[in-house]
Structures are given as structure tokens and as C-alpha cells.
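J.: One structure is given below, represented as C-alpha cells, and several questions about it will come after.
Derivation of every value follows stated rules applied to the coordinates shown; laboratory data play no part. Please read these numbers as outputs of a predicted model, since none were measured by experiment. So basically every Cβ, Gly included, is an ideal-geometry build from the backbone, and we count neighbours across all protein chains shown.
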Amino acid sequence: MEKRALLYEGKAKRVYMTDDENLVWIQYKDSATAFNGEKKAEITGKGRLNNEITSLLFSKLHEAGVASHFVERLSETEQLVKKVNIIPLETVVRNVAAGSFSKRLGIEEGKPLSKPLVEFYLKNDDLGDPIMTDDQIFELGLANEKEVALLKEKALKVNSILSSFFAELGINLIDFKLEFGKDAAGEVLLADEISPDTCRLWDKETNAKLDKDVFRRDLGNLTDAYENILERLGGPQHV
Ligand code: C5P
């Protein structure tokens, strides 16, 4: 597989074309951003950790029957994925109140929810990723009723697999964000990444935060927290 021209550079990743029109080459960067890019830092090792953790979690999901864009990890910071057209929605699943949910609704952080909730946000940095209702999604033509139902179903399936998996490792999966895309055949695939950048992960015993809140809220060393997650997942796999 050959790496070709840069297709797109985002806040955390670079996407390159390959010699296969259906595959793209992703490189995870060491950049950390929060609050819609207002807070920024370069953190050595972050790209490697997110690439390793995402690769392990997508492999785990694949074993459990969840189709994703992930093909293989290529190096410490790179992976090969299927090319998809990203649906411009961020799908968030919450098991426990935290973050923007707690802030917006005045609900104490750490309060378990009676059942997992799915929320959608518009992927638009200029607008600050506003939360959307299903009707607003239909109005903007971002997805139809069947697709929204499919996204919810897939997101809840990912939640049940990952919640049990993390629980075995002594970690509470508080909430997380997913992105989905459509491949050349129009199939909806889980895409982007699943890492401590996109999940809230709390130690079951101590409630210590092992995710990007460490950076957002200046709670300590981000790579120590991510390294802790990677070790519990079984450590880096050889490529
Ligand atoms: O900030 P909020 O509480 O809405 O975030 C919910 C979950 O989605 C958190 O795990 C957060 O890390 C993730 N998220 C993300 N990218 C965003 C917004 C939220 O990964 N742009």
C-alpha cells in the first residue's frame, strides 16, 4: 500500500490518499485541542496512544459484529481505513451525567442515567457543534428517519459492547462520541476514532479521569492517563 497526496488535515489527524481509491491512510497527530480549538497543545505520544487504542477498540468491535472503516494499524501513529463520506453528525452516547449534559441541564456530574441516552450534534466548528433534534436533522437533510434510527441502534450496540469491555478492565464508560460515514456502496460504517480523546473513562474504584478531561480541566498528565488505558487494554500490539 502506497501513501499518496494529503487529502485533509483535521485537528487530530491527517488523511492521505493511497494507490487504492477505496482506502485512505490516517496519521494521528500529537496535537491536543479543546473547547472548539480555543485550548491547544502539542503532547508527545498522544498520536501513538490514540492510534493504538482506536485500533484495539475497532478490532474488538469488529469481533463483536460492528462494521467500521478500520482495516489495519500500519505503524505507531498510522492506520489504514476504508474511504467513507462522513455524515456531518456527532453521535454521543451517555451512561452517566457529565460534561455538556451536566452543564446544560444542571445535573450533577457522576449521576448515573436511568438508561443510555443518544444525542446528535452538528459537526460544524464555526457554529460550535450545536446539539440537534431528529426533526432538525431531517430539515437539514443530513439523514432520513431510517438512517437516524440506524445511527441510534449502532451507537447503542457500540455502547453495550464497550461498556462491558471497559467494565472488565475496571473502567466506567461515562460517555463517548462516534462518527459514521457511508462507503462507496452506501453502507453506513462506524468511522473516525474511539479513544480517550472521544470518550470519558473513569476508574471504577477511584473515579479518576483517564481521558481528555485531564487536558480540558488541567487535572494532570494526559499521556500517563492514556497510557493507563492502553495498558489495561493489553498494551501496544505488534504490527
Ligand atoms: O462535551 P460533551 O459532554 O458533550 O461530550 C460528550 C462526549 O463526547 C465526551 O466523551 C467527549 O469527549 C466527546 N466529544 C468529542 N468530540 C466533540 C464533542 C464531544 O469527542 N466534538
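J.: For the pair Asn85 and Thr133, what calculated FRET efficiency results from E = 1/(1 + (r/R0)^6), where r is the Cβ-Cβ distance and R0 = 30 Å, to the nearest 0.05?
T.: Working: r = 23 Å, r/R0 = 0.77.
Calculated value: 0.85.
J.: Another question, then. By how many nm would the segment from Lys40 to His62 lengthen if fully extended, with 0.36 nm per residue of separation less the alpha-carbon distance? Walk me through the numbers before you get to the answer.
T.: Numbers: separation 22, 0.36 × 22 = 7.92 nm, distance 3.27 nm.
Length gained between Lys40 and His62: 4.6 nm.
J.: Further question: What distance in nm lies between label points placed 7 Å from Cα along the C-beta direction at Asp19 and Leu150?
T.: 3.3 nm
J.: In addition: Just give me a number: lysine pairs in the stretch 142-239, eight or more positions apart or cross-chain, with C-alpha atoms less than 22 Å apart.
T.: 15
J.: Still on this structure, I have one more. Name the most mobile residue of Leu113, Leu140, Leu189, meaning the one with the largest mean-square fluctuation, in a Gaussian network model of the chain with Cα contacts below 10 Å.
T.: Leu140
J.: Just to be sure I understand the rule: take each whole DSSP H helix in the chain, project its Cα atoms onto its long axis, keep it if the span is 30 Å or more and its mean Kyte-Doolittle hydropathy is at least 0.0. Which ones pass?
T.: The answer, listed by residue number, is 145-168.
J.: On to the next question. On a C-alpha basis, how far is the centre of the stretch 170-239 from the centre of the stretch 42-115 in Å? Whole number, if you could?
T.: Each part reduced to its Cα centre gives a spacing of 6 Å.
J.: Between Lys103 and Val71, what's the calculated FRET efficiency when r is the beta-carbon distance and R0 is 22 Å? Round to 0.05.
T.: 0.05
J.: Note down the net charge around Glu38, summing +1 for each Lys or Arg and -1 for each Asp or Glu among other residues with Cβ under 12 Å from its Cβ.
T.: So the surrounding residues net to +3.
J.: From the helices alone, meaning DSSP H stretches of at least four residues, give me the mean residue ellipticity at 222 nm for the chain, per-run term -39500 (n - 2.57), in deg cm²/dmol to the nearest 500.
T.: About -9000 deg cm²/dmol.
J.: Per 0.36 nm of contour for each residue apart, how much would the distance between Asp183 and Ser114 grow if the chain were fully extended, relative to their Cα-Cα spacing?
T.: Extra length from Asp183 to Ser114 when fully extended: 21.4 nm.
J.: When Lys and Arg each count +1 and Asp and Glu each count -1, what net charge do the other residues less than 13 Å away from Gly110, Cβ to Cβ, add up to?
T.: With Lys, Arg at +1 and Asp, Glu at -1, the net is 0.
J.: Please compute the net charge surrounding Glu145, taking Lys and Arg as +1 and Asp and Glu as -1 over other residues with Cβ under 14 Å from its Cβ.
T.: Every neighbour counted, the sum reads -3.
J.: Next question, about the same structure. What distance in nm separates the simple spin-label points at Glu168 and Glu2, each placed 7 Å from Cα in the Cβ direction?
T.: 4.2 nm
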